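A quick write-up on the structure given underneath.
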Amino acid sequence: MTELPRDQVLTEVGLHPTRKGRVLLIACGALAREIVALRERNGWTHMDLTCLPAIFHNHPERIVPAIEAAVKKHRDHYDEMFVVYADCGTGGQLQAACERLEVSMVKGPHCYAFYDGLDHFAARDEITSFYLTDFLARQFDAFVWKPLGLEKHPELLEMYFGNYEKLVYLAQVEDADLDARAQVLADRLGLAYERRFTGYGDLATALAPLG
């Protein structure tokens, strides 16, 4: 598989494009490994990838300006561009920006939904579930524990997670170590645990037409 930076780099910095290929995918750093896996599995050698810092997951107000800047920066170097973000907390602003820029994007509210499958996720209506993906299971402390101040103030746990009932780990790959880690994180949060293998879900479906 194509060598990628460490998760910490994908979280804080993202990924620069290689300027090779005719289609540029502009994605969240949290999706980099899954996109590269799909690209290599399907022989999509014409696709290049650039990623915004995954930590924008915690700062959705940064996503739209960064996407706009990336499209304008790279547009002249590719025949086509595709934004591998769902709405991701932008309140429809990302969709509006993509329409202005005349680029397509992934459908759905967030990555949890398109991994699980948009229809399945909507039908479950799991408002008391807290979700993790493979990436977020590995980067839990950087995305959840430290930003919420729980490292220094564990007494805030009930305030943040008291209304949740279970942690749902949406697994992209079969990995016993990640499964065990997700179980530990559920225990740390005081939540019931469910592992749901999704594979790449609707992410694969969204990228396939570009192949």
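The values are calculated or read from the model by the stated rules, or taken from the named source; none is laboratory data. Only a predicted model underlies this, so the values are computations on that prediction, with no experimental measurement involved. Positions of Cβ are backbone-derived with ideal geometry, glycine not excepted, and every protein chain shown enters the neighbour counts.
A few notes on this one:
- Cβ-Cβ distances below 7 Å connect the following pairs, each with a first residue in the range 1-20 that is in a strand (DSSP E or B), a second residue that is modelled with pLDDT of 95 or more, and a separation of six or more residues or different chains: L15/G29; L15/A32; L15/L49; L15/T50; L15/C51.
- Against the test of being closer than 30 Å to R41 by Cα and in contact (Cβ under 8 Å) with a residue 40 or more places away in the chain, the options L185, L178 yield a single qualifying residue, L178.
- Selection from the range 38-65 of residues that are surrounded by 17 or more Cβ atoms within 10 Å (Cβ to Cβ) and in a helix (DSSP H, G or I): L38, R39, A54, I55, F56, H57, P60, I63, V64
- D87 in the same structural domain as V23 (by TED's automatic domain parsing) and farther than 25 Å from R22 by Cβ: yes
- Residues being touching an Asp or Glu at 6+ places or on another chain (Cβ under 8 Å) and under 17 Å from P53 (Cβ atoms) - total across the range 75-89: 0
Residues are listed down the side, and each one gets a yes or a no for (1) buried (at least 20 other Cβ atoms within 10 Å of the Cβ); (2) in contact with a strand residue (DSSP E or B) (Cβ under 7 Å, 6 or more places away or on another chain); (3) not β-branched (V, I, T):
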site	(1), (2), (3)
A97	no, no, yes
E102	no, no, yes
Q139	yes, no, yes
M159	no, no, yes
N163	no, no, yes
Y169	yes, yes, yes
Q172	yes, no, yes
E194	no, yes, yes
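- For the range 70-93, the set of residues classified as crowded, with 19+ Cβ neighbours inside 10 Å and assigned to a strand (DSSP E or B) consists of M81, F82, V83, V84, listed by residue number.
- Residue in the range 171-189 that is under 16 Å from the mean Cα position of the chain (by Cα), modelled with pLDDT of 95 or more, of a type outside the set (S, T, N, Q) and not assigned by TED's automatic domain parsing to the domain that holds I26 present: yes
- Identity of the residue in the range 1-37, within 18 Å of D141 (Cα to Cα) and acidic (D, E), that ends up surrounded by the fewest Cβ atoms within 10 Å (Cβ to Cβ): E12
- Contacts under 7 angstrom Cβ, first residue in the range 60-79 being among the hydroxyl-bearing types (S, T, Y), partner assigned to a loop (DSSP other than H, G, I, E, B) and modelled with pLDDT of 95 or more, 6 or more apart: Y78/R22
- Members of the range 94-145 found to be among the polar types (S, T, N, Q), in a loop (DSSP other than H, G, I, E, B) and over 22 Å from R62 (Cβ atoms), listed by number: T128
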